Number of protein chains: 2
Amino acid sequence: MKTNMIVGQSGGPTAAINASLAGVIRQAMRSEEIGEVYGALNGIEGLLQRNIIDLRASMKNTEDYDRLAATPAMALGSCRYKLPAAPHEAYDQILKIFKDYGIGLFFYIGGNDSMDTVKQLSAFFKEKGENIRCIGVPKTIDNDLPRTDHTPGFGSAAKYIAGSIAELALDSSVYDMFSVIVVEIMGRNAGWLTAASALARDSGCAAPQLIYLPEAAFDPDDFIKKVESYSHKNQLLIVAVSEGIKTANGEYVSAAGATRDAFGHVQLAGTGKYLEDLIKDKLGCKVRSIEFSVLQRAAGHFASATDIAEALQIGEAAVRAALEGQTGVMMMFERISNAPYLVQCTTVPIEECANLEKTIPAEWIVGGCDVSEDMMTYLRPLVVGRAAGFEKGGVPSYLRLDKTIIKK
Amino acid sequence: MKTNMIVGQSGGPTAAINASLAGVIRQAMRSEEIGEVYGALNGIEGLLQRNIIDLRASMKNTEDYDRLAATPAMALGSCRYKLPAAPHEAYDQILKIFKDYGIGLFFYIGGNDSMDTVKQLSAFFKEKGENIRCIGVPKTIDNDLPRTDHTPGFGSAAKYIAGSIAELALDSSVYDMFSVIVVEIMGRNAGWLTAASALARDSGCAAPQLIYLPEAAFDPDDFIKKVESYSHKNQLLIVAVSEGIKTANGEYVSAAGATRDAFGHVQLAGTGKYLEDLIKDKLGCKVRSIEFSVLQRAAGHFASATDIAEALQIGEAAVRAALEGQTGVMMMFERISNAPYLVQCTTVPIEECANLEKTIPAEWIVGGCDVSEDMMTYLRPLVVGRAAGFEKGGVPSYLRLDKTIIKK
C-alpha cells in the first residue's frame with residue numbers, strides 16, 4: 001500500500017534549500033511506495049493551518065527540478081515557529097492532519113530549531129505507536145549543525161563571500177593609497193562564513209588581511225594596533241569580521257555601537273559599523289564598512305555548483321532513508337576524502353544535532369585573527385563550480401510553486 | 001613607419017572597463033601600423049610620472065584577452081587627477097613623454113572628467129601641429145555620458161542591481177508579513193542605475209514597487225503616504241532610491257540624515273539609511289536599508305555578456321578610428337534597432353561629451369516614483385546574457401598585468 005509524504009522548510013533562506021526540496025520531490029516521484037507528494041507552506045506553522053499543496057502540480061518536466069534547484073530563498077515559505085515541548089495539543093493536531101492526508105513520511109528542511117521539531121515529532125509518533133517517519137534535512141548558511149561535515153547552503157554563501165571580497169579587493173586597489181574596508185559577515189555564534197572569506201586569497205589578493213571570528217575573544221586595543229601596522233604600507237586593508245564577535249568578558253562588540261539617528265532614536269550600529277567608527281576615532285584614516293546583508297544567503301546567481309548538487313543529493317537520500325524505515329534522524333554528509341573530494345550521505349540520530357551548535361575548533365584559528373591551512377583545506381572543495389543559473393531576458397528566472405491549497 | 005600607442009584608464013572602476021582595454025590591445029596588436037603597445041599606470045597621473053608598461057608582455061595567448069575582459073575594476077589602475085586648463089606645463093611634459101616613447105596614438109578609457117582630458121590634449125596637440133591622435137573610450141556605470149546610446153559598464157551594473165533586487169525580493173517573501181527594504185543605488189545626479197532596478201520585475205516579482213530618481217523632486221510627506229498605503233497589504237515593499245535624490249528646493253535628501261556615532265562624531269547617513277530612519281520614525285514598521293556599495297560596479301561574476309562584448313568592440317573600434325586619422329573624438333554606440341537589438345560604434349566630437357551629463361528624460365519618469373515602458377525597452381537588451389567568468393578552485397581568477405615600468 002502506498003503512503004503519502006509531506007515536506008516543509010523552516011528557518012532562514014539559503015541558495016541551496018530549494019535544491020534539497022527538488023531532491024526530496026524527485027526521489028518521492030520516482031518511488032512506487034509513495035502516493036501523494038505534499039508540501040507544507042510556511043513550515044510547521046502552515047502545516048497546523050492545513051496550508052498544504054500538491055507538489056506534483058508544479059513539477060511538469062525534468063527542467064523544473066533544475067530550475068527549482070537554482071531558485072534561492074524558500075519556495076514553500078518559512079516560519080520561525082518552534083513546536084512547544086510535548087505534551088501539547090499541537091502534536092495531536094499534527095497527528096490528526098497526517099491521518100486526514102494519509103501521510104506516513106515527513107521531511108523537514110531546516111537548521112537547529114527545525115531539527116528540534118523533527119526530534120519532538122518523531123518521539124511523539126513513536127510513543128503513540130504510529131508508523132510516521134520523520135527525517136531532518138540540514139540547511140543553514142551558518143554551517144553550525146553538529147555531526148555533518150558541512151551543511152547545504154554554506155558552500156554557496158561561502159562562495160559569495162570569498163568572491164565578493166576578491167572583487168572588493170580588486171576594486172579598491174585601483175587607487176594608490178591606504179584605506180580600510182571592514183566587511184561584516186553573518187553566522188551568529190559560529191565563524192564558518194567569516195572564515196570562508198580567507199578563500200578570497202586564492203584569487204591572488206592579500207585580502208582579507210585580518211579575520212575576526214566569534215570563537216576567539218576580540219581585543220579592541222590589539223585590533224587598532226594591528227590596523228595601524230598596515231597603515232604604513234601603501235595598500236588596501238580588508239578586515240573580515242563576524243557579526244557575532246565578543247570581547248573577553250563575553251559581551252558582543254556590536255553592543256558598544258549604539259548610535260543616534262537623524263530623529264534622535266538610539267540604534268545598535270552593527271559590528272562592522274562600530275569597528276569603522278572605532279578606526280575613524282583612533283586612527284582617522286579612510287575607512288568604510290560593508291554589510292553583505294541578506295545577499296550572502298540569497299545570491300542564487302553566485303551559488304556553488306558543488307553545494308547545489310549536494311543539496312539535491314541529500315534531499316534524495318532523505319527519501320531513501322525514510323523508505324528504509326529510518327525515523328528521528330538527520331541526514332548528514334560524511335567526508336571520505338579531500339583529494340579527490342568525496343562525501344557520502346548518511347544519517348545521525350536527531351538527538352545528536354537538535355539544539356546544538358558546531359563552532360570552529362580552536363586549532364583552526366591562528367593568532368586570533370586568521371585561519372589555519374587545515375581550515376582552507378576543509379573549505380576549498382565546498383565552493384567549487386558556478387551553479388547553472390536560469391535567466392530570461394537577462395534577469396533571473398525562478399520556479400514558483402503552484403500554491404493552491406488542498407483542503408481535507 | 002610604425003607609430004607607438006598608449007592607453008590609460010581613469011575614474012571609477014566598472015566590470016567592463018578592462019574589456020575595452022582588451023579590445024584596444026587586441027586591435028593594436030593586429031595592426032601593422034602600430035609598433036609598441038604601452039599602458040599608463042594610474043591614468044594621466046601615472047603617465048606624467050612615466051609609469052608606463054609594455055602591454056604585449058601580459059597578453060600571451062587568446063585566452064588572456066578573454067580573461068582580461070572578464071576581470072573587473074581597472075587593470076591599469078586609476079586616478080582622479082584632471083588636467084588643469086591649458087596653458088600649463090603638464091601639456092608640454094606629456095608631449096615630451098610622447099616624443100620620448102614615439103607615441104602617436106593615445107586612448108583614454110573613462111567618464112566625464114577623462115573626456116575633458118582627451119579634449120584638452122587633442123586641442124593642444126592640434127595647436128602644436130603634432131600628429132598625435134587622442135580618442136576617448138567611454139565607461140561609467142552611471143550611464144551619464146551624452147550622445148552615446150549607453151556607456152560600457154552600465155549594463156553590468158544594471159544587471160547586478162536588477163538581479164540582486166530580484167533575489168532580495170525572493171528572500172524577503174519567505175515570511176508572511178509586511179516589511180520594507182530601502183535599497184540605495186549609485187549614479188550621482190543621473191538615475192539610470194536606479195531605473196534599472198525596475199528590470200527585477202521581469203523575474204516575476206512586484207519589486208521594486210517605488211523608484212526614486214534624482215531627476216524628479218522628492219517629497220518626504222508623499223513618500224511616507226505611499227509607503228503607508230502598502231502597509232495594509234501583507235507583503236514586502238522594496239523601495240529603490242538613488243543616492244542623489246533631492247527635495248523640491250534642490251537639497252540632497254541625504255543632507256538631512258546626520259547621525260551621531262558611538263564616539264559622538266556626526267556623520268552623513270546616506271540616502272537609504274535616512275529614509276529607513278524616516279519610515280521607522282513615522283510608521284514604526286519593520287524596515288531596513290541596504291547599500292549595494294561598490295559591489296554594484298565591481299561584480300564581474302554577475303556581468304552582462306552584452307556589456308562585456310560591446311565594451312570589447314568599442315575598444316577595438318577606437319583603434320580603428322585613430323588609424324583612420326580621427327582625433328578629439330569619443331567613441332559612442334548608436335542604437336540601430338531594439339528588435340533585434342543592434343548597435344554600431346561611431347564617433348562624436350569630444351566637445352559634445354566632455355564635462356556634460358546625460359540624465360533621464362522627463363517622459364520616461366512616471367508619477368515621480370516609477371519608470372515608463374519606453375525606459376524598460378531601452379534597458380532590457382543591455383543586461384542580456386551572463387558573462388563568462390573565470391574561476392580557479394571556486395574563486396574568481398583574474399588577469400593581472402605585468403607592471404614592469406619601461407623607463408625612457
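The values are calculated or read from the model by the stated rules, or taken from the named source; none is laboratory data. Just so we're clear, the structure is a prediction, and the values are computed from it rather than from any experiment. Cβ: placed from backbone, ideal geometry, glycine included. Neighbour counts: every protein chain shown.
At a glance:
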{"read-out": "Wholly within segment A:130-223, strands (runs of 3 or more DSSP E) carrying at least 1 residues that are small (Gly, Ala, Ser) and more than 30 Å from residue A:6 (Cβ to Cβ)", "value": "A:179-185"}
{"read-out": "Flag for residue A:199 being modelled with pLDDT of 95 or more and not small (Gly, Ala, Ser)", "value": "yes"}
{"read-out": "Residue in segment B:350-364 that is at pLDDT 95 or above, of a type in the set (Asp, Glu) and not assigned by TED's automatic domain parsing to the domain that holds residue B:139 present", "value": "yes"}
{"read-out": "Looking only at segment B:271-287, and only at residues there that are touching a residue at least 12 places away in the same chain (Cβ under 8 Å) and surrounded by fewer than 18 Cβ atoms within 10 Å (Cβ to Cβ), the one that is nearest to the other protein chains (Cβ to nearest Cβ)", "value": "B:282"}
{"read-out": "Out of B:95, B:121, sole residue that is farther than 18 Å from residue B:36 by Cβ and part of a helix (DSSP H, G or I)", "value": "B:121"}
{"read-out": "Segment B:29-56 - residue that is part of a helix (DSSP H, G or I) and over 21 Å from residue B:78 (Cβ atoms) and, of those, nearest to the other protein chains (Cβ to nearest Cβ)", "value": "B:56"}
{"read-out": "Candidate set: segment B:381-395, residues that are more than 7 Å from chain A (Cβ to nearest Cβ) and over 18 Å from residue B:75 (Cβ atoms); chosen: the one surrounded by the most Cβ atoms within 10 Å (Cβ to Cβ)", "value": "B:382"}
{"read-out": "Only listed residue being closer than 19 Å to residue B:112 by Cα and either among the aromatic types (Phe, Trp, Tyr) or surrounded by 24 or more Cβ atoms within 10 Å (Cβ to Cβ) (or both), chosen from B:149, B:142, B:171", "value": "B:142"}
{"read-out": "Residue that is nearest to the chain's Cα centre (by Cα), among those in segment A:68-98 that are away from chain B (no Cβ under 14 Å) and buried (at least 18 other Cβ atoms within 10 Å of the Cβ)", "value": "A:69"}
{"read-out": "Count - residues of segment A:295-315 that are surrounded by fewer than 24 Cβ atoms within 10 Å (Cβ to Cβ) and farther than 30 Å from residue A:348 by Cα", "value": "1"}
{"read-out": "Subset of segment B:327-372 (residues that are part of a loop (DSSP other than H, G, I, E, B), under 22 Å from residue B:317 (Cβ atoms) and small (Gly, Ala, Ser))", "value": "B:328, B:354"}
{"read-out": "Residues that are within 29 Å of residue B:305 (Cβ to Cβ) and crowded, with 16+ Cβ neighbours inside 10 Å, drawn from segment B:366-380", "value": "B:370, B:371, B:372, B:375, B:376, B:378, B:379, B:380"}
{"read-out": "Any hit, segment B:265-285, residues being modelled with pLDDT of 95 or more and of a type in the set (Val, Ile, Thr)", "value": "yes"}
{"read-out": "Matching residues, segment B:36-47, being without any contact (Cβ under 8 Å) to a residue 60 or more places away in the chain and touching a helix residue (DSSP H, G or I) at 6+ places or on another chain (Cβ under 6 Å)", "value": "B:37, B:40"}
{"read-out": "Looking only at segment B:229-244, and only at residues there that are within 16 Å of residue B:277 (Cα to Cα) and out of contact with any Asp or Glu (no Cβ under 8 Å at 6 or more places or on another chain), the one that is nearest to the other protein chains (Cβ to nearest Cβ)", "value": "B:238"}
{"read-out": "Residues being more than 7 Å from every other protein chain (Cβ to nearest Cβ) and over 22 Å from residue B:148 (Cβ atoms) - total across segment B:288-307", "value": "4"}
{"read-out": "Where residue A:207 falls short, out of the listed (1) within 17 Å of the chain's Cα centre (by Cα); (2) away from chain B (no Cβ under 11 Å); (3) farther than 13 Å from residue A:245 by Cβ", "value": "(1)"}
{"read-out": "Any hit, segment A:382-389, residues being assigned to a strand (DSSP E or B) and over 30 Å from residue A:221 (Cβ atoms)", "value": "yes"}
{"read-out": "Checklist (1) free of Cβ contacts under 8 Å to residues at least 40 places away in the same chain; (2) touching a helix residue (DSSP H, G or I) at 6+ places or on another chain (Cβ under 7 Å); (3) of a type in the set (Phe, Trp, Tyr) applied to residue B:175, failing item", "value": "(2)"}
{"read-out": "Residue within segment B:226-243 that is surrounded by fewer than 22 Cβ atoms within 10 Å (Cβ to Cβ), within 27 Å of the chain's Cα centre (by Cα), of a type in the set (Asp, Glu) and part of a strand (DSSP E or B) present", "value": "no"}
{"read-out": "Scope segment B:60-79; condition of a type in the set (S, T, N, Q) and closer than 16 Å to residue A:177 by Cα; matching residues", "value": "B:78"}
{"read-out": "Segment A:151-182, residues that are among the acidic types (Asp, Glu) and either closer than 19 Å to residue A:195 by Cα or away from every other protein chain (no Cβ under 12 Å) (or both)", "value": "A:167"}
{"read-out": "Near pairs, Cβ below 7 angstrom, 6+ apart or cross-chain, from segment A:102-123 (outside the structural domain of residue A:331 (by TED's automatic domain parsing)) to any residue that is modelled with pLDDT under 95", "value": "none"}
{"read-out": "Residue B:254 small (Gly, Ala, Ser), under 25 Å from residue A:296 (Cα atoms) and surrounded by 16 or more Cβ atoms within 10 Å (Cβ to Cβ)", "value": "no"}
{"read-out": "Residue check, residue A:21 surrounded by 24 or more Cβ atoms within 10 Å (Cβ to Cβ), out of contact with any Ser or Thr (no Cβ under 6 Å at 6 or more places or on another chain) and in a helix (DSSP H, G or I)", "value": "yes"}
{"read-out": "Checking residue A:398 against (1) in contact (Cβ under 8 Å) with a residue 40 or more places away in the chain; (2) away from chain B (no Cβ under 14 Å); (3) out of contact with any strand residue (DSSP E or B) (no Cβ under 7 Å at 6 or more places or on another chain), the condition it does not meet", "value": "(2)"}
{"read-out": "Hey, residue A:250 more than 8 Å from chain B (Cβ to nearest Cβ), of a type in the set (Gly, Ala, Ser) and assigned to a loop (DSSP other than H, G, I, E, B) or not", "value": "yes"}
{"read-out": "Residue match in segment B:273-280 (condition: in contact with a Cys (Cβ under 8 Å, 6 or more places away or on another chain) and either hydrophobic (A, V, I, L, M, F, W, C) or more than 25 Å from residue A:266 (Cβ to Cβ) (or both))", "value": "yes"}
{"read-out": "Residue that is nearest to residue B:385 (Cα to Cα) [pool: residues in segment B:255-307 that are aliphatic (A, V, I, L, M) and part of a strand (DSSP E or B)]", "value": "B:290"}
